[in-house]
Amino acid sequence: MEIKIALAGNPNCGKTTLFNNLTGSNQFVGNWPGVTVEKKEGRLKHNKDVKIIDLPGIYSLSPYTLEEVIARDFLIEEKPDVIINIIDGTNLERNLYLTTQLKELGIPIVAALNMSDILQKQNDVINIDELSRLYDMPVVEISALKNIGLDELQKTATAYAGKKAGKPVSFSPELEETLSKIEALLPATVPADKKRWYAIKLFERDEKVLEKIKLTPETSSKIDELIEAYEDRVDDDSESIVTDERYNAITSSINKVHKKDKTKKLSLSDKIDRVVTNRYLALPIFALVMFVVYFISVTTVGTWTTDFVNDGVFGDGFFLFGAGREHYEEALGEYDLASQEIEAFEEMQASENLTPDQLKSATAQLDVYSDEGELEEVIPVDYATYLQAQDVPEPEPSQFGTFVPGIPVIVQNFLESVDCAEWLQGLILDGIIGGVGAVLGFVPQMFVLFFLLAFLEGCGYMARVAFVMDRIFRKFGLSGKSFIPMLIGTGCGVPGIMASRTIENERDRRMTIITTTFIPCGAKLPIIALIAGALFGGAWWVAPSAYLIGAFSIVLSGIILKKTSMFSGEPAPFVMELPPYHLPPLKNLLSSMWERGYSFIKKAGTIILLATTLVWFLSNFGFEDGRFGMVDMQQSMLAVLGSAISFIFIPLGWGTWQGAVATLTGLIAKENVVGTFGVLFGGMSDVAENGWQVWQNMQAVFTPAAAFSFLTFNLLCAPCFAAIGAIKREMNSTKWTLFAVAYQCVFAYCVSLVIYQFGAWIYGDGSILGTVIAVAVLAIAAYLAFRPAKQYKPMKAGAELQ
Amino acid sequence: MNLSTFLILLVLVALFSFIIYNEYKKRKQSKTGCGCGCESCALKNDCHKKAGSK
């Protein structure tokens, strides 16, 4: 027989961690409210007959937030066999407030007293037996994070399922009497075990319950009389009366069960918070932390691993465990130098038409360039050097150690050995391996980024950032609630957009949806890494600046939009608790990193593979002399299509068909920008390599200023189709969706234009007209940001876009 | 077109067909067919509703 267990508790009390441990799922766990906005289902790991439903975190069963409505509708309509009420032992009073309400539903409850390990550390003692006796329910001490007490919890919950519910918490005799009278007036359709809950909700004048229960006017007026009489007697409104009664009951029980360590001083968390959330230090610390995260991900650890994947796995190959690599590279360097000396000497011979006798006394000059393309050294090459150079053999990697050839080499050797047609070799090597390999090459950097972000989330720092940001956002008329979607959006924009549901204020919610995807998601990381590596020589500042541009765009857009009549109004209040700092378990960090990163690998093998194949086909086929077939890339269908729209991007400095096409394919998935370049610039393994010669492929098309403008546009413009779909669902309006996409594109265009036009002066190719336009754009932005805000007017029907 | 080219082409066509069919099937089964990489997202059921549900 199937048993249905519901997990209910306050936000951030550890429900999702418990759910994951009980079911073996890998649902996203966050350290802030709003991670679970809808219910999730799973089966108990060792007993598939037991279904577990993770409900959104709620503080009460009132109908004020979406989460509360979802949770209480489920509990009333779906009638689970038992509720596991997760109680955060470190916040007993507030957590028991929900418990008192759950007890009224007539459903058996098992309390899971979570964070028992933290209680022990704090020397706090909770008398479990007394708590169990007072609330008439079994109580099990657990630590969801450390997997303590979960077996006992499972056993207790399954044993208790379907049993008679314990007694609800009693109020004062006067209130109990009034509630009994209301219960007696309820229609017969209300189940006996739910009568108390309905009576209390009617007493509180819960509109949703009033609508649902459909009382006769006569009954309704009798209940009103009872409530009004009681309110007059205690001189308070009915909802506050019930709240007071609940807290009275909780306070009296807490005095009996909870013994706090009175010698307690400031905890380590409090001490850290004094610095981390300091009014002046908080923001610089956050900027520094994000800088370090992106620096490590893109410039250091991420680059080492990405170089290995790009140069080894998707390049020529690699030495197993690196053994023999140094000697091979030394020999290869000697061979390269010898080849260049031969080339320089023979070029001189050809250009000066020297006789064999003259050659013996002639000396050529070899210019040696650095990786950045700067002249490093001039080497004289005389006849003797030329002869010596001819004797330098080309090194064979296998002579220096165990050499594993790269995937393109293995595939190419195979295709050549079976005499595969050249066009098909092109499709496989340049289209599939070049395109997919380009994306996969950046996966290590993504894994490093996701690991670091998971650490920041898991240790509790990100929750502080939301708190710090609320203080800053509020100055601009925004709420800290708008920052939560931004945090979630660093992984993927889709859940980021969905997380905006926690914002009750419709105007703030819409504004948050519009701006959330400005923050670089994981899929945009390869674009950042590519531009940083290929055009800026892996400069340390490129990746952190991409994040800062995203954050700056959110704040600027917030200020500009808040001053329009469509979005004006007071920011929504933001309440969240700060969990104590703790070292997140490595398993959780690795699991979070893998879950996020693996989806990118899968995407590379499916959507990106199809897209890059299509890009290869369109960039290699076209019409020439009235005939359709393989053509030069410049005459291809893709070049024609890209050229038709590329003029739009001329003011941004990259009005080439390659840039236009990459931006378009990025709408399918943002990694496609890199995949497309992989195909169009032929072999991304070379492009990502640290050598100025191969960077010329991209440098021929992009100047550094244009490349940064391209990066900015692709970070800020319309997100991928999946995220646009999420915007459509959350906005529930085509017009608002179009407005969001249009705003993002126009904003991205303006920022990129300003960046390019000013950046071009640094690289010596600025234009007067372009700069004038950029100044005008800046002036308009400044006006929109600093003008007085429109008076807040409540929205009326027809006044909205939809 | 020689035999090896034909066979390799056949393998590629089969691979592409498999990917397209699989993505279509996943979408129908309310799994993520969009390629947005949100399979571990707590809210994915809202994006990818089961076929026939509102």
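For the stretch A:454-602, which whole-number percentage of the solvent-accessible area (1.4 Å probe, protein heavy atoms only) is attributable to carbon and sulfur atoms? Don't skip to the end; give the middle numbers.
Numbers: 3070 of 4330 Å².
Carbon and sulfur atoms account for 71 percent of the accessible area of the stretch A:454-602.
Quick one: grab Rg to one decimal and Dmax as a whole number for the protein assembly as shown, Cα atoms only, in Å.
32.6, 123
Spin-label point model (7 Å from Cα, Cβ direction): what's the A:S240 to A:K602 distance in nm?
My value for the distance between the label points is 5.2 nm.
Just subtract the alpha-carbon distance of A:E176 and A:T251 from 0.36 nm times their residue separation and send over the number in nm, one decimal.
Values: separation 75, 0.36 × 75 = 27.00 nm, distance 1.86 nm.
My answer for the length gained is 25.1 nm.
Determine the share of the stretch A:173-259's accessible area contributed by carbon and sulfur atoms, expressed in whole percent, with a 1.4 angstrom probe.
Values: 2350 of 4780 Å².
Reported share for carbon and sulfur atoms: 49 percent.
Mind ranking A:K79, A:K602, A:K103 by accessible surface for me, highest first, 1.4 Å probe? Before the final figure, lay out the partial values.
Details: A:K79 115, A:K602 70, A:K103 10 Å².
The ranking, largest first, comes out as A:K79, A:K602, A:K103.
With all protein chains present, calculate the accessible area of A:I773 using a 1.4 Å probe and round the result to the nearest 10 Å².
For A:I773, the solvent-accessible surface is approximately 80 Å².
Toward the positive end of the charge dipole of chain A, about the Cα centre and with charges on Cβ (Lys, Arg +1; Asp, Glu -1), which of A:Q425, A:V409, A:N255 goes farthest?
After comparing all options, I get A:N255.
Calculate, in whole percent, how much of the Cα-Cα pair population of the stretch A:311-460 lies beyond 22 Å. Mind dumping the intermediate values first?
Values: 7211 of 11175 pairs.
Within the stretch A:311-460, distances greater than 22 Å cover 65 percent of Cα pairs.
Taking amide H atoms as placed 1.01 Å from N in the peptide plane, list the residues 5 or more away in sequence, or in a different chain, whose amide H sits under 5 Å from that of A:I3.
Amide H neighbours of A:I3: A:V50, A:K51.
When all protein chains stay in place, what accessible area (Å², nearest 10, 1.4 Å probe) is found for A:K167?
150
Net charge near A:A188, counting Lys/Arg +1 and Asp/Glu -1 over other residues with Cβ under 15 Å of its Cβ? Mind showing how you got there, number by number?
Working: positive: A:K194, A:K195, A:K214; negative: A:E183, A:D193.
The answer is +1.
On a 28 Å Cα-Cα criterion, which of the cross-link pairs A:K51/A:K146; A:K181/A:K212; A:K201/A:K563; A:K45/A:K602; A:K15/A:K475 come out too long?
Values: A:K51/A:K146 22 Å; A:K181/A:K212 20 Å; A:K201/A:K563 40 Å; A:K45/A:K602 26 Å; A:K15/A:K475 33 Å.
Where the Cα-Cα span goes over 28 Å, the pairs concerned are A:K201/A:K563; A:K15/A:K475.
Please report the antiparallel percentage of DSSP beta bridges with both residues in the stretch A:3-160, rounded to the nearest 5.
On the way: 6 of 25 bridges.
Counting only bridges with both partners in the stretch A:3-160, antiparallel ones make up about 25 percent.
Mind checking which of A:V234, A:L530, A:M566 is farthest towards the positive end of the protein assembly as shown's charge dipole, using Cβ charges of +1 (Lys, Arg) and -1 (Asp, Glu) about the Cα centre?
A:V234
Find, to one decimal place in angstroms, the Kirkwood hydrodynamic radius of the stretch A:3-160, where the mean of 1/r is taken over every pair of different Cα atoms and then inverted. Can you show the working numbers first?
Details: mean 1/r = 0.0654 Å⁻¹.
Result for the stretch A:3-160 stands at 15.3 Å.
Give me a comma-separated list of calculated 3J(HN,Hα) values for the stretch A:179-190, in order, Karplus coefficients 6.51, -1.76, 1.60 applied at θ = phi - 60°, integers in Hz, x for any Gly or Pro.
Taking θ as phi minus 60°, the curve returns 5, 4, 5, 5, 4, 5, 8, 5, x, 5, 5, 7 Hz for the stretch A:179-190.
Please report the antiparallel percentage of the DSSP beta bridges confined to chain A, to the nearest 5.
Roughly 55 percent of the beta bridges in chain A run antiparallel, per DSSP.
Give me the 1.4 Å probe accessible area per residue for chain A, excluding ligands and nucleic acids, in Å².
Values: 35660 Å² over 802 residues.
With all protein chains present, chain A gives 44 Å² per residue.
What does the buried accessible surface come to for A and B, summed over both chains, with the probe at 1.4 Å? Round to 100 Å². Before the final figure, lay out each step's value.
On the way: alone 36880 and 4760 Å², together 39090 Å².
By this definition, chains A and B bury close to 2600 Å².
For the stretch A:228-244, just list the computed ³J(HN,Hα) in residue order, Karplus coefficients 6.51, -1.76 and 1.60, θ = phi - 60°, integers in Hz, with x standing in for Gly and Pro.
4, 4, 5, 4, 4, 5, 9, 6, 7, 7, 4, 5, 5, 4, 5, 4, 4
Accessible surface of A:T663 in the full protein assembly, 1.4 angstrom probe, to the nearest 10 Å²?
Surface open to solvent at A:T663 totals about 10 Å².
Per residue of the stretch A:426-439, in order, report the coupling 6.51 cos²θ - 1.76 cosθ + 1.60 (Karplus, θ = phi - 60°) as ³J(HN,Hα) in whole Hz, putting x for Gly and Pro.
Values, residue by residue: x, 4, 6, 7, 8, x, 7, 5, x, x, 5, x, 4, 6 Hz.
Could you tell me which residue out of A:G480, A:I755, A:T516 lies farthest along the dipole of the protein assembly as shown toward its positive end? Charges go on the beta carbon: Lys and Arg +1, Asp and Glu -1, centred on the Cα centre.
A:G480
Using a Förster distance of 60 Å, how high is the FRET efficiency between A:R43 and A:E422, based on the Cβ-Cβ distance and rounded to 0.05? Present the calculation step by step, with values, prior to reporting the outcome.
Working: r = 53 Å, r/R0 = 0.89.
Plugging the Cβ-Cβ distance into 1/(1 + (r/R0)^6) gives 0.65.
Under unit Cβ charges (Lys, Arg +1; Asp, Glu -1), what dipole magnitude, rounded to 20 debye, does the protein assembly as shown have relative to its Cα centre? Don't skip to the answer; put the middle values down first.
Values: 76 positive and 94 negative charges, 978 e Å.
Result for the protein assembly as shown is approximately 4700 debye, rounded to the nearest 20.
Could you tell me what percent of the accessible area of the stretch A:317-405 is made up of carbon and sulfur, with a 1.4 Å probe and every protein chain present? Present the calculation step by step, with values, prior to reporting the outcome.
On the way: 2830 of 6080 Å².
Answer for the stretch A:317-405: carbon and sulfur cover 47 percent of the accessible area.
Ratio of alpha-carbon Rg to the 2.2 N^0.38 Å globular estimate for the stretch A:180-294, to two decimals, please.
Working: Rg = 24.4 Å, N = 115, 2.2 N^0.38 = 13.4 Å.
The stretch A:180-294 yields a ratio of 1.83.
In µm²/s, what is D for the stretch A:173-235 at 4 °C and 1.567 mPa s, where D = kT/(6 pi eta Rh) by Stokes-Einstein and Rh is the Kirkwood radius from Cα pairs? Mind dumping the intermediate values first?
On the way: Rh = 11.7 Å.
Value of D from the Cα-based Kirkwood radius: 110 µm²/s.
Which residues belonging to the stretch A:471-511 lose at least 50 Å² of 1.4 Å-probe accessible area when the assembly is complete, relative to their chain isolated?
In the stretch A:471-511, residues shielded by partner chains: A:M498.
Compute the helix-to-body angle for A:609-620: its Cα long axis versus the longest principal axis of chain A, expressed 0 to 90° and rounded to tens.
The angle comes out at about 30 degrees.
Helix A:92-102 against the longest principal axis of chain A: what's the angle in degrees, Cα atoms only, rounded to the nearest 10?
70
What is the list of residues in the stretch A:569-592 whose amide nitrogen lies under 19 Å from a point 7 angstrom out from the Cα of A:K265, following Cα to Cβ?
From the stretch A:569-592, the list is A:581.
Work out how much length A:I472 to A:Q340 would gain on full extension: take 0.36 nm times their residue separation and subtract the Cα-Cα distance, in nm to one decimal. Provide the component values of the computation, followed by the final result.
On the way: separation 132, 0.36 × 132 = 47.52 nm, distance 5.84 nm.
That pair, A:I472 and A:Q340, stretches by 41.7 nm at full extension.
The values are calculated or read from the model by the stated rules, or taken from the named source; none is laboratory data. Everything numeric in this text was worked out from a predicted model, so none of it was measured. Please note: Cβ atoms are built from the backbone with ideal geometry, for glycine as well, and neighbour counts cover all protein chains shown. What goes into the accessible areas is simple: the full protein's heavy atoms, side chains included, and nothing from ligands, DNA or RNA. Shrake-Rupley method; radii C 1.70, N 1.55, O 1.52, S 1.80 Å.
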